[in-house]
Every structure is written in C-alpha cells, then in structure tokens.
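Asks: First the structure, which I've put down as structure tokens, then a few questions once you've had a look.
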Amino acid sequence: MIVNDELSPIFGLDNSLLAELHKEEGQLIVPKQLDGNMRAFNTFSEYKWHIILSVSTAAVTGQIAATMTFALRFGIAWTVLASLLSLWIACTFSKPISQMAQMMRQHEAEPLPELPIPENIRRYEERVDEIGILYKRYFNMLQETRTLIREKYQNRLIAMSSKMKALEAQINSHFLFNTLTMSIVSLN
C-alpha cells in the first residue's frame with residue numbers, strides 16, 4: 001500500500017491497514033505486527049509517500065519451510081552426485097594407477113618374470129589417455145629390459161664358451177707336447 005503524507009491511499013485498497021496508521025510528532029507510526037501479519041514501511045522524502053508492506057507470518061513461515069526443504073534435497077542430491085563422481089574417478093583413474101604400482105612392486109620383488117600380463121590389466125594399454133601411454137611405455141620398457149637381459153646372458157655364454165675352448169686348446173697342446181716328450185724319452 002502507498003499513502004501520501006496525509007495518510008490518504010495512493011495505491012492499494014487495504015482499508016484495515018489504513019485504520020491502524022497514525023502520525024505522532026510528524027512521524028508515521030505503523031504497527032510492526034498485528035493479526036498474524038508483519039509490517040514494514042519506507043518513506044520517500046521527495047514525494048512524501050509512504051510504502052507500507054504487510055506480509056502474512058504464515059506465508060513467510062511456509063516459504064522458509066519450502067526453502068529449507070529444497071536446500072536439504074538439493075544438498076542430498078549433490079552429495080549423492082559427488083559420491084558417484086568420486087567413485088567414477090576412482091575406477092577410471094586411481095584403480096589403473098594403483099594396479100600399475102602393484103605390478104611394478106611385483107616386478108621389483110621378482111625381476112622381470114615371464115608371466116603373461118592379465119587381460120584386465122592389458123586393457124589399460126588400449127586407452128588413449130595418459131594412463132594408456134603409461135601402460136604402453138611400461139610394457140615396452142619391460143620387453144626391452146627382458147631382451148637386453150637375454151642378450152647379455154647369451155653374450156656371457158658365448159664369452160665363457162670361448163674361454164673354455166681357449167683353455168681346452170691350451171690343455172690339448174700342452175698334453176700333446178707332454179705326450180711327445182714322454183714318447184721321445186721312453187724311446188731313448
């Protein structure tokens with residue numbers, strides 16, 4: 001409701017509110033609460049108009065309850081959504097990385113076993129994200145390391161075989177020399 005300085009209504013037809021208004025020492029007096037309604041007012045000094053708002057306490061309480069219910073439901077929905085999102089992140093990112101760490105610890109304990117890599121771990125190699133790159137490079141590194149170890153082992157075998165043949169040749173020539181010397185001595 002809008003009233004002028006003489007308390008004549010300009011806008012609004014709430015005559016019961018108009019009956020409660022009065023002025024004391026030039027100031028408008030509006031009862032704050034009456035009949036379950038809360039009241040607020042403001043004065044525009046330029047026009048000397050007074051805006052008076054009357055709101056039902058029951059309506060305000062109902063709106064507060066509705067807002068609280070909405071906020072509670074909204075909070076629960078976001079909590080469930082955040083939980084599902086964190087579960088998805090754990091399955092998509094954390095699980096492959098923890099499996100790779102476990103596989104690395106196993107390879108550290110048992111140096112480069114020739115066991116086949118299980119399919120549930122091999123499938124991460126097919127991913128196109130960073131986890132797939134990590135798995136591909138790790139599997140390539142394992143294969144290259146196994147190849148290098150095999151080559152080093154074969155090179156050692158070849159070196160040892162060569163040493164054995166050289167020793168055998170030395171022993172054979174020495175044995176031949178001793179045999180010939182003994183033959184000559186026994187003939188004399």
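Asks: What lysines sit close enough to residue 152 to cross-link, taking a C-alpha to C-alpha distance under 27 Å and skipping anything fewer than 8 places away on the same chain?
Replies: By straight Cα distance, residue 152 reaches 136, 163, 165.
Asks: Taking just the alpha-carbon atoms of the chain, what radius of gyration and Dmax come out, in angstrom?
Replies: Considering the chain through its Cα atoms, Rg and Dmax are 48.3, 161 Å.
Asks: Over the Cα atoms of region 111-188, how large are the radius of gyration and the largest Cα-Cα distance (Dmax), in Å?
Replies: Cα-based Rg and Dmax for region 111-188 come out at 26.9, 88 Å.
Asks: Further question: With charges set only on the Cβ (+1 for Lys and Arg, -1 for Asp and Glu), what does the dipole of the chain come to about its Cα centre, in debye to the nearest 20?
Replies: Details: 18 positive and 19 negative charges, 333 e Å.
The dipole magnitude comes to about 1600 debye.
Asks: Once the dipole of the chain is set up with Lys and Arg at +1 and Asp and Glu at -1 on Cβ about the Cα centre, which of 107, 64, 184 lies farthest towards its positive end?
Replies: 184
Asks: Could you work out the local net charge near residue 152, counting Lys and Arg as +1, Asp and Glu as -1, over the other residues with Cβ closer than 13 Å to its Cβ?
Replies: On the way: positive: 146, 150, 156; negative: 144, 151.
Charge balance in the 13 Å sphere: +1.
Asks: Using 7 Å Cα-to-Cβ label points, what is the residue 188/residue 10 separation (nm, one decimal)?
Replies: Here the modelled spin labels are 15.0 nm apart.
Asks: Report the trypsin sites (Lys or Arg not before Pro) located in region 34-93 that are in a DSSP loop and have at most 15 other Cβ atoms inside 10 Å of their Cβ, or state none.
Replies: Numbers: sites: 39, 48, 73; in loops: 48.
In loop regions of region 34-93 (DSSP not H, G, I, E or B), the sparsely surrounded trypsin sites (Lys or Arg not before Pro) are 48.
Asks: Just from its helices, what would the mean residue ellipticity at 222 nm be for the chain, if runs of 4 or more DSSP H residues each count -39500 (n - 2.57) and the sum is divided by every residue, rounded to the nearest 500 deg cm²/dmol? Don't skip to the end; give the middle numbers.
Replies: Values: 5 runs with 116 residues, N = 188.
Mean residue ellipticity at 222 nm (helix-derived): -21500 deg cm²/dmol.
Asks: On a full-extension model of 0.36 nm per residue, what is the gain between residue 134 and residue 23, subtracting their alpha-carbon distance, rounded to one decimal in nm?
Replies: Working: separation 111, 0.36 × 111 = 39.96 nm, distance 8.15 nm.
Residue separation times 0.36 nm, minus the Cα-Cα distance, leaves 31.8 nm.
Asks: Can you give the FRET efficiency for residue 181 and residue 153, using 1/(1 + (r/R0)^6), R0 = 41 Å, r = Cβ-Cβ distance, to the nearest 0.05? All intermediate terms of the calculation are to be shown ahead of the outcome.
Replies: Values: r = 42 Å, r/R0 = 1.02.
Efficiency, rounded to the nearest 0.05: 0.45.
All of the numbers you see were taken from the coordinates with simple rules; none came from a lab. Note that the structure is predicted; figures quoted are calculated from it, not measured. No Cβ is skipped: glycine too gets one built from the backbone with ideal geometry, and neighbour counts run over all protein chains shown.
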